[in-house]
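The block underneath contains the structure these notes are about, expressed in structure tokens.
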Amino acid sequence: MTRVTVIAFAASLLLVLYILELVRRRMLRTEYSILWLVGSLVILVLSLKKEWLERASAAFGIFYPPSFLFL
């Protein structure tokens, strides 16, 4: 694992945990929380699957795949 992969994984995992905490405290409405959780889980998967991230960034014309991850 490269350093960028580790940082991307850690940041996306923190995002998932933060969203779950907001839902637990009822600071985020349920219908919005599903959208946020799906989005953050996609980021989490893309941070682990380098091939998928490279294909997705190439499809959008982005040269550096980690920048696509946090776009």
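Entry note, the chain: relative contact order of 31 percent, from Cα contacts under 8 Å with a spacing of 6+ residues.
In a fully extended conformation the segment linking residue 1 and residue 54 would gain 17.6 nm over its present Cα-Cα distance, using 0.36 nm per residue.
Please work out, to two decimal places, the log10 of the ratio I(q)/I(0) at q = 0.20, 0.27 Å⁻¹ from a Debye calculation in which every Cα of the chain carries one identical scatterer. So the normalised log intensities are -0.80, -1.12. The packing ranking, built from the mean of other Cβ atoms within 10 Å per residue, places the peptides 46-58, 14-26 in the order 46-58, 14-26, highest first. Helical runs (DSSP H, four residues minimum) scored at -39500 (n - 2.57) apiece and divided by the length of the chain put the mean residue ellipticity at 222 nm at -25500 deg cm²/dmol. For the chain, the solvent-accessible area works out to 79 Å² per residue, with a probe of 1.4 Å and every protein chain left in place. With all protein chains in place and a 1.4 Å probe, the accessible surface of the chain carries 70 percent carbon and sulfur.
The values are calculated or read from the model by the stated rules, or taken from the named source; none is laboratory data. Since the structure is predicted, the reported quantities are computational estimates derived from the model, not experimental observations. A quick note on method: Cβ atoms are made from the backbone with ideal geometry, for glycine too, and the neighbour counts reach across all protein chains shown. When the accessible area is computed, the model is the full protein with side chains, heavy atoms only, and any ligands, DNA or RNA have been set aside. Shrake-Rupley method; radii C 1.70, N 1.55, O 1.52, S 1.80 Å.
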